[in-house]
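Read through the structure below, which is laid out as structure tokens, and then see the notes.
The values are calculated or read from the model by the stated rules, or taken from the named source; none is laboratory data. What you see is a predicted model, and the numbers here were worked out from it, not measured in a lab. Please note: Cβ atoms are built from the backbone with ideal geometry, for glycine as well, and neighbour counts cover all protein chains shown. Just so you know, the surface numbers come from the protein's heavy atoms only, side chains and all, with ligands and any DNA or RNA stripped out. Shrake-Rupley method; radii C 1.70, N 1.55, O 1.52, S 1.80 Å.
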Amino acid sequence: AAKSGLRRLAQEAGVPIVEFGATQTVTVPDSDPPRKVPVARAVLDADVVINLPKFKVHTQVYMTLAVKNLFGCVRGRRKALYHFQRGDRPIEFARLLVDVARVASPALTLIDGIVALERHGPSNGDPRSLGLVLAGTDCTALDRIACQVVGADPDRLLTLTAAREAGWGETDLLKIETFFAGRPVDAWLSPLAPALADRPFVLPVELTPLVFSPYRLVRGLVRQAWSLLHPAARKPAG
């Protein structure tokens, strides 16, 4: 937040930046059989959740959009633990992502595609100017539209498969009500972003394993313990 300038803007606006602390394990709505996921209590206590994902490719899950972004509601090392436990079963991991998204239940999602990330993500990719913002109340539908906009294969985005299995959200383009600049638009029209007329959006060809090594998990736990014991070391400058 400090490096990006968000901290300064938040201070000027009088908006607190809340670091997720306590976790609460809750039952996924309408899950059969009932499933539970641990989510930051701050998310559960919020009056309204607004989801603000960046439009990015992801070399482990193909793309990280509305649904995947909400995995951030799972606090700290639990995310790495889930990677370790379910990383060798991609569809199971995708079902977990959908479960977390269902618990977070954002009232509004804004996918920031003004400058997207292509080729390699979620980091070290290539910035790509799209000049596009996707907004909606259905995370699943937004992810499906995002795939359509950049010519991505929706069958490779397993969170769409998991959402369809769970009956959460809409994956059928013909049933998604879509508007562009306030006017109805045919969801089959692709791309919506003029920047894509020059060349296709670069998507991952092969996906890398989701599994985190035990070394990476232990390293993260040690790093987290160090930051708790030495809070001054993690305090942002300025």
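Here Arg102 meets each of (1) surrounded by fewer than 24 Cβ atoms within 10 Å (Cβ to Cβ); (2) touching a Lys or Arg at 6+ places or on another chain (Cβ under 9 Å); (3) in a helix (DSSP H, G or I) with one exception, condition (2).
Okay, residues lined up against (1) in contact with a Pro (Cβ under 9 Å, 6 or more places away or on another chain); (2) open to solvent by 40 Å² or more (accessible area, probe 1.4 Å); (3) touching a residue at least 24 places away in the same chain (Cβ under 8 Å):
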residue	(1), (2), (3)
Ala2	yes, yes, yes
Leu6	no, yes, no
Gln11	no, yes, no
Glu19	no, yes, no
Thr25	yes, yes, no
Asp47	no, yes, no
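Count of the range 118-135 residues, restricted to those that are touching a residue at least 12 places away in the same chain (Cβ under 8 Å) and on the phi > 0 side of the Ramachandran plot, is 2.
Yes/no per residue for (1) acidic (Asp, Glu); (2) outside any loop (DSSP other than H, G, I, E, B); (3) at pLDDT 95 or above; (4) under 17 Å from the mean Cα position of the chain (by Cα):
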{"residue": "Ala94", "(1), (2), (3), (4)": "no, yes, no, yes"}
{"residue": "Asp112", "(1), (2), (3), (4)": "yes, yes, yes, yes"}
{"residue": "Leu130", "(1), (2), (3), (4)": "no, yes, no, no"}
{"residue": "Ala162", "(1), (2), (3), (4)": "no, yes, yes, yes"}
{"residue": "Trp168", "(1), (2), (3), (4)": "no, no, yes, yes"}
{"residue": "Ala187", "(1), (2), (3), (4)": "no, no, no, no"}
{"residue": "Pro191", "(1), (2), (3), (4)": "no, no, no, no"}
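Can you name every residue in the range 132-152 that is open to solvent by less than 30 Å² (accessible area, probe 1.4 Å) and part of a strand (DSSP E or B)? Those that are open to solvent by less than 30 Å² (accessible area, probe 1.4 Å) and part of a strand (DSSP E or B): Leu132, Leu134, Gly136.
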